[in-house]
Amino acid sequence: MNRRTMFGLVAAAIMLGGISGTNADEPPIKIGMSMAQTGGLAAGGKASLLGIEIWRDDINAKGGLLGRKVELVVYDDKSSAAETPAIYAKLLDVDKVDLLFAPYATVPTAPIMPLVKQRGMLLMGNFSFQVNSKVGHDMWFNIAPWGPADSWATAFLGLGQKAGGKTVALLAADQEFAQNLAKTARDVAKSRGMPIVFDQAYPPATVEFSSIIRALNAAKPDIVYVASYPPDSAAILRAVNEIGVGDNVKIFGGAMVGLQFAGVMENLGSLMNGVVNFNTWLPEPSMYFDGTKKFFDTYTKRAVEAKVDPLGYYLAPFGYAMGQLVEQAVNATKSFDQKTLAKYLREHTHNTIVGPIIFGPDGEWKETATLEAQFRGVKDKNIDQFRSAGKQVILFPDRLKTGDLVFPFEDARQ
């Protein structure tokens, strides 16, 4: 080897070493969030966080974002709205995070919206409902597939109408999430000329629903729309199992949080039969996209180790997709600038493991992909049954539909 060649190789090695060293010395990209690890929302928060962690590991295995590793900075918000404002102030002022993911659910998210808007930060929403309707933050992007605000009520009441239902009963927790849903249901019912014959909000701490179900029965509604959180969803179905709702009810359910979680599903078992409820992902052939199967293969293994929801359908793939949105925006713009990323997210279609996502002006999905599905033939104490198609038959939207509504509700419960 002559001296010229040797010097060339040495120079090349120094250059490569310098580049490698620069990348190695780059600080990580910090993504900050609170996530319920204790309290009533913990089952969902843990599954959501695991989905995000799987994305983090995947993106870091590919070299990170623009060559910088991704680091998650996570605090437990204890499922409480009182915790989140201080947590997000700390994430911004002390931890100096680069990007923000919202906590899981509406109640912990709503209090941080003014702060995030004031600081001019991009915020990836995590399954809250209409928290941006009054704040109007133009850098908010909700990963939940809700779509327009009236999508849930329109889909559910529409199914009831097709079954011959004319009158509506509303039962909703006295919390922001449930009350937002109840309000849109009232508006949809009014626009469709459907009288509301029962309309009750109950305190979040309610554990006994027998008297409420009896009062609801006395109103003899055709359609019963329920907006509830996990503990009360289970208590309501136990009261329904004890008392019944009458042969006049065509459809029951709609917005019951908790019936998407493996632990609740396993415990309630056959009590869920006949209920029509919202969901986000189910193991039906039409719902697999590029990377979906690979994600669930990984999630299933890690969920056992992490002792979280063994199915993870409701939240986990959307946690992963939230990371994919950031990844696509950063790679396309070659930037971490908040406004630049927000502009890209607002103006493009994004392909994810939960399907293509297009955002509307309010940061919600332009078109709803929220499922309404009916529990069918569910047996007691058998979680594995939910890994197969057919236990939750998709009734809406039409592009994902796998069956028709079985009614009246009392017949569908059998």
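Please give the peptides 146-159, 218-231 ranked by average Cβ packing (other Cβ atoms within 10 Å per residue), highest first, as a rough proxy for protection.
218-231, 146-159
Can you pull the percent of the chain's accessible area that's carbon plus sulfur, 1.4 Å probe, other chains left in place?
Solvent-exposed carbon and sulfur of the chain make up 54 percent of the total.
Give the lysines whose C-alpha is closer than 20 Å to that of LYS301, dropping any in the same chain fewer than 8 places away, or say none.
Here the lysines satisfying the reach criterion relative to LYS301 are LYS46, LYS293.
Pairs of Cα atoms under 8 Å, at least six residues apart: use those to get the relative contact order of region 173-305, whole percent.
Reported relative contact order: 21 percent.
If I take R0 = 35 Å and measure r between the Cβ atoms of ALA61 and ARG346 in this structure, what FRET efficiency does the formula 1/(1 + (r/R0)^6) give, to the nearest 0.05?
Given R0 = 35 Å and the Cβ-Cβ separation, E is 0.75.
Using only alpha carbon pairs under 8 Å that are at least six residues apart, calculate the relative contact order of the chain and give it in whole percent.
18
Counting Lys +1, Arg +1, Asp -1, Glu -1, what net charge surrounds ASP222 among other residues with beta carbon under 15 Å of its beta carbon?
That sum, taken over residues with Cβ under 15 Å, equals +1.
Using DSSP to define loop residues, name the trypsin sites (Lys or Arg not before Pro) in region 376-409 whose beta-carbon has at most 13 other beta-carbon atoms within 10 Å.
Within region 376-409, the qualifying trypsin sites (Lys or Arg not before Pro) (loop, at most 13 other Cβ atoms within 10 Å) are LYS379, LYS381.
How many nm is it between the label spots at SER191 and ASP247, if each spot is 7 Å from the Cα in line with the beta carbon?
Once both label points are built, they end up 3.5 nm from each other.
So for the pair LYS293, LYS166, with labels modelled 7 Å out along Cα→Cβ, what separation do we get in nm?
The modelled label-to-label distance comes out at 5.0 nm.
If I require 18 Å or longer along the helix axis, counting alpha carbons, and a Kyte-Doolittle average no lower than -0.5, what helices from the chain are left? Use full DSSP H segments.
Working: long enough: 3-25 (32 Å, 0.64); 42-61 (28 Å, 0.15); 176-191 (23 Å, -0.61); 230-243 (20 Å, 0.24); 292-306 (20 Å, -0.88); 316-333 (26 Å, 0.32).
Membrane-span-like by this criterion, though nothing is claimed about a membrane: 3-25, 42-61, 230-243, 316-333.
Straight-line reach only, C-alpha to C-alpha below 19 angstrom: list the aspartates and glutamates that LYS401 could link to, leaving out same-chain residues fewer than 8 apart.
Straight-distance partners of LYS401: GLU284, GLU367, GLU372.
Can you grab the distance from the C-alpha centre of region 273-325 to the C-alpha centre of region 341-388, Å, no decimals?
If we compute the Cα centre of each part, the gap is 10 Å.
Which entry in (i) 1.08; (ii) 0.93; (iii) 1.18 matches Cα Rg over 2.2 N^0.38 Å derived from the coordinates of this structure?
Answer label, from the structure shown: (i).
Under 5 Å between amide H atoms, partner at least 5 residues away or on a different chain: which partners does SER128 have, H built in plane at 1.01 Å?
ALA105, ALA144
Taking the chain as a Gaussian network, where each spring joins two C-alpha atoms under 10 Å apart, which residue of ASN382, ASN180, ASN277 fluctuates the most?
Comparing ASN382, ASN180, ASN277 in the GNM, the peak value goes to ASN382.
Gaussian network model of the chain, Cα springs within a sub-10 Å range: biggest mean-square fluctuation belongs to which of GLU347, GLU26, GLU53?
Most flexible of the set in this elastic network: GLU26.
Which residue, ASN217, VAL257, PRO283, has the largest displacement toward the positive end of the dipole of region 181-288 when charges sit on each Cβ (Lys, Arg +1; Asp, Glu -1)?
Checking the options against the dipole of region 181-288, the answer is ASN217.
By the scheme Lys and Arg +1, Asp and Glu -1, what is the net charge of all other residues having a beta-carbon under 14 Å from that of ALA86?
-3
At a Förster distance of 22 Å, what's the computed FRET efficiency of GLU367 paired with ASP337, Cβ-Cβ distance as r, to 0.05?
0.20
Determine the dipole magnitude for the chain: charges of +1 sit on the beta-carbon of Lys and Arg, -1 on that of Asp and Glu, nothing else is charged, the reference point is the Cα centre, and the result goes in debye to the nearest 20.
The dipole of the chain has a size of about 700 debye.
The values are calculated or read from the model by the stated rules, or taken from the named source; none is laboratory data. Everything quoted here is computed from the prediction, not taken from an experiment. For neighbour counting, all protein chains shown are included, and Cβ atoms are generated from backbone atoms with ideal geometry for every residue, glycine included. When the accessible area is computed, the model is the full protein with side chains, heavy atoms only, and any ligands, DNA or RNA have been set aside. Shrake-Rupley method; radii C 1.70, N 1.55, O 1.52, S 1.80 Å.
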